[in-house]
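The values are calculated or read from the model by the stated rules, or taken from the named source; none is laboratory data. Everything numeric in this text was worked out from a predicted model, so none of it was measured. Using ideal geometry, Cβ is built from the backbone for each residue, glycine included, and neighbour counts are taken over all protein chains shown. Accessible surface areas use protein heavy atoms only, side chains included; no ligands, DNA or RNA. Shrake-Rupley method; radii C 1.70, N 1.55, O 1.52, S 1.80 Å.
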Amino acid sequence: MWIVFLGPPGAGKGTQTARLCGYLNFPHLSTGEMLRGAIQEGTNVGRLAAQFMNYGQLVPDPIVMKIVADRLDKPDSSHGCLFDGFPRTIGQAESLDELLASRGQKLDVAIELRGNEPELINRMLKRAVQERRADDNPATITQRMDVYKRQTEPLVNYYRERGNLQVVDAMQSPDEVFEEIRRCVDERAGAGKVG
C-alpha cells in the first residue's frame, strides 16, 4: 500500500506517519529527514539541499526524486511505503505516479491533515525549542507556510480529482487523529489490519 500525507507545516504529518508505519509495518519515507541527514553528513545532495532549506524554500524536484527513487530500491519498500512531506508539488506528484507505475504500483490514498494556521505556527515554535531545529524559526516558518499555500495546496485538488483524497482534522488530539487516519487506510485496504 502506498500512502501520501499532505498538510501544512506543523500539522503532525511526521508524528502520524510514524504511528501509521508501526500499524502497517511499512517503511516511513520522510524526505525532510533524509535531506536533513544528507546535510549533516555533508554529502553533495546535502550541500545542495541546504542552499534551499536554510531559506525555507523547497528543494528542487530532481534532487528530491533522486532520493526517493534510491529509497524505493531498498527491499523493505517493495510492497508499500508511507510518504511524509512528499510530494510537495504537482510535478513531484506526477513523477511519483510515474515512478510507481514503472514498478507496477499505484498510490492508494492521499491523507490531508487540515489545521488552523496560528495554532500550527505555535506547534512549530515549540518543536523548534524541543528538537533544537534551526529551520523552525519565525521567519522560516512564515516562508514555509507561504510556499505551502502556493505550491503544495494544489496537490489537494490533484488527489481529489483522482479519487485518492481523504481529509482528517489535525486539530484533534493525536489519538483521535490517528484513529481517523487508521479508518481511512483500512477502508482503502479492505476490512481488517494491513501488513
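Karplus-derived 3J(HN,Hα) values for the range 147-153, using 6.51 cos²θ - 1.76 cosθ + 1.60 with θ = phi - 60°, are 4, 4, 4, 6, 9, 9, 3 Hz; glycine and proline are entered as x. Only DSSP H runs of four or more residues enter the estimate; each adds -39500 (n - 2.57), and after division by the residues of the chain the mean residue ellipticity at 222 nm equals -17000 deg cm²/dmol.
Ordered from largest to smallest accessible area (heavy atoms of protein chains, 1.4 Å probe), the residues 145, 171, 53 come out as 171, 53, 145.
Accessible surface for residue 79 stands near 140 Å², nearest 10, in the context of the full protein assembly shown (1.4 Å probe).
Considering only DSSP states other than H, G, I, E and B, which trypsin sites (Lys or Arg not before Pro) in the range 145-195 qualify as loop sites with at most 12 other Cβ atoms within 10 Å? Intermediate values should be presented prior to the final figure.
Numbers: sites: 149, 150, 160, 162, 182, 183, 188, 193; in loops: 162, 193.
For trypsin sites (Lys or Arg not before Pro) across the range 145-195 that sit outside H, G, I, E and B with at most 12 neighbouring Cβ atoms in 10 Å, the list reads 193.
Identify all aspartates and glutamates with a Cα-Cα distance to residue 149 below 19 Å; exclude those on the same chain that are fewer than 8 residues away in sequence. Straight-distance partners of residue 149: 61, 84, 94, 112, 117, 119, 135, 136, 161, 169. Per residue, the accessible area of the range 1-150 comes to 48 Å² when a 1.4 Å probe rolls over the protein heavy atoms.
With a 1.4 Å probe rolled over the protein heavy atoms of all chains, the accessible area of 112, 41 falls in the order 41, 112, largest first.
In order along the range 6-16, the phi-based Karplus estimate (6.51 cos²θ - 1.76 cosθ + 1.60, θ = phi - 60°) of 3J(HN,Hα) comes to 10, x, x, x, x, 6, x, 4, x, 4, 6 Hz; Gly and Pro are listed as x. Using +1 at the C-beta of Lys and Arg and -1 at the C-beta of Asp and Glu, which of 173, 110, 96 has the Cα lying farthest in the positive direction of the dipole of the range 95-195? The Cα lying farthest towards the positive end belongs to 96. Highest mean packing comes first when the peptides 32-40, 82-90, 3-11, 100-108 are listed by Cβ atoms within 10 Å, giving 3-11, 82-90, 32-40, 100-108. Database remark: amide H of residue 6 closer than 5 angstrom to the amide H of 111, 112, 113 (H placed geometrically; neighbours at sequence offset of 5 or more, or on other chains; Pro and chain starts carry no H).
3J(HN,Hα) couplings calculated from phi for the range 18-28 with the Karplus curve 6.51 cos²θ - 1.76 cosθ + 1.60 (θ = phi - 60°) are, in sequence order, 4, 5, 5, 4, x, 5, 8, 6, 10, x, 9 Hz; Gly and Pro show x.
Find the relative contact order for the chain and round it to a whole percent, using C-alpha pairs within less than 8 Å whose residues are 6+ positions apart.
Contact order relative to length: 34 percent.
The charge dipole of the chain, taken about its Cα centre with unit charges on the Cβ of Lys, Arg, Asp and Glu (plus for the first two, minus for the last two), comes to roughly 280 debye.
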